[in-house]
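**Q** Quick one: this structure, given as structure tokens, is what I'll be asking you about.
The values are calculated or read from the model by the stated rules, or taken from the named source; none is laboratory data. Nothing here was measured: the structure is a model prediction, and the numbers come from that model. Here the Cβ positions follow ideal geometry from the backbone for every residue, glycine too, while neighbour counts run over all protein chains shown.
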Amino acid sequence: METCVAIKTRRSIRQYRGEKILKEIINELLQTAIWAPSGMNKQPWGFVVIEDEEYLQKLSSQTKSILLERFKNNPEMEKYMDYFADPKTSIFYHAPVLVLIYGKKDVFTVINDCSMVAQNLMLAAWEYGIGSCWIGFVYDVLNTKEVKSDLGVPDSYGLVASVILGYPDGSVPISNRNNPIIFSWKK
């Protein structure tokens, strides 16, 4: 798949077949992802790969509990209350793989660097026909000392990206993009 095609056709996937992703493919995706640029070539990223369904469900339940409490006083988030209260709801959409990208907190460009790694990961996955979605609701749980310790993540690292991977169940919708807003173009 050509790069521009991958960029224009990759979508956030939220429905997955139960099919596992081979460990060799996950390793290849990580090896490709790390070719992202990084400020001063610090390469501040570290990864956690989770395939354990029970563990993913546990993380999902913890996250939903925290979010439901937080959303009580936030009218903008009320629309999510029923969704997160449903015991069948998985924050990770029942995807077979969760890749967590942690970054060294003391690196000035850590958010940019790890975000580019996440984008590389998602684009490389798409070349294999693997869908992805960046899950933003999980930062509070996945950055706790308890979870990081359980996952072997040093305290000097913080979560930057949480990406689920899996083979899409159904067709991938096409969406349009607005034209770029160009505020100025100095010549």
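**Q** Please tell me if V107 is aliphatic (A, V, I, L, M), at pLDDT 95 or above, surrounded by 15 or more Cβ atoms within 10 Å (Cβ to Cβ) and under 18 Å from the mean Cα position of the chain (by Cα).
**A** No, not satisfied.
**Q** Can we say V172 is in contact with a helix residue (DSSP H, G or I) (Cβ under 9 Å, 6 or more places away or on another chain), at pLDDT below 95 and not aromatic (F, W, Y)? Walk me through how you get there before you give the answer.
**A** Working: in contact with a helix residue (DSSP H, G or I) (Cβ under 9 Å, 6 or more places away or on another chain): yes; at pLDDT below 95: yes; not aromatic (F, W, Y): yes.
Considered against the rule, which asks whether it is in contact with a helix residue (DSSP H, G or I) (Cβ under 9 Å, 6 or more places away or on another chain), at pLDDT below 95 and not aromatic (F, W, Y), V172 comes out as yes.
**Q** Pull out all pairs, ordered by first then second residue, where Cβ-Cβ is under 6 Å, the residues are six or more apart or on different chains, the first lies in segment 114-131 and is in contact (Cβ under 8 Å) with a residue 40 or more places away in the chain and aliphatic (A, V, I, L, M), and the second is surrounded by fewer than 24 Cβ atoms within 10 Å (Cβ to Cβ) and part of a helix (DSSP H, G or I).
**A** L123/A6; A124/T32
**Q** Where residues in segment 10-29 are surrounded by fewer than 13 Cβ atoms within 10 Å (Cβ to Cβ) and in a helix (DSSP H, G or I), which of them is farthest from the chain's Cα centre (by Cα)?
**A** Among residues in segment 10-29 that are surrounded by fewer than 13 Cβ atoms within 10 Å (Cβ to Cβ) and in a helix (DSSP H, G or I), the one farthest from the chain's Cα centre (by Cα) is E24.
**Q** Of everything in segment 151-187 that's of a type in the set (F, W, Y) and surrounded by 10 or more Cβ atoms within 10 Å (Cβ to Cβ), which residue is farthest from V141 (Cα to Cα)?
**A** The selected residue is Y167.
**Q** Out of the residues in segment 81-104 meeting the condition of being of a type in the set (S, T, Y) and touching a strand residue (DSSP E or B) at 6+ places or on another chain (Cβ under 8 Å), tell me which one is surrounded by the most Cβ atoms within 10 Å (Cβ to Cβ).
**A** Out of the qualifying residues, it is Y102.
**Q** Considering only strands (runs of 3 or more DSSP E) fully contained in segment 83-187, which possess at least 2 residues that are over 17 Å from Q15 (Cα atoms) and either touching a Ser or Thr at 6+ places or on another chain (Cβ under 9 Å) or not charged (D, E, K, R) (or both)?
**A** 97-104, 157-166
**Q** May I ask you to list the residues in segment 30-64 that are exposed (fewer than 13 other Cβ atoms within 10 Å of the Cβ) and either part of a helix (DSSP H, G or I) or among the charged types (D, E, K, R) (or both)? If you could, list the steps in order and put the result at the bottom.
**A** The first filter runs over segment 30-64 and keeps only residues exposed (fewer than 13 other Cβ atoms within 10 Å of the Cβ), leaving 31, 35, 37, 40-41, 52, 54.
Answer for segment 30-64, where residues must be exposed (fewer than 13 other Cβ atoms within 10 Å of the Cβ) and either part of a helix (DSSP H, G or I) or among the charged types (D, E, K, R) (or both): Q31, M40, N41, D52, E54.
**Q** While we're on this one: Considering every residue within segment 113-127, establish whether at least one is modelled with pLDDT of 95 or more, crowded, with 21+ Cβ neighbours inside 10 Å and among the acidic types (D, E).
**A** Looking for residues that are modelled with pLDDT of 95 or more, crowded, with 21+ Cβ neighbours inside 10 Å and among the acidic types (D, E), one finds at least one in segment 113-127, hence yes.
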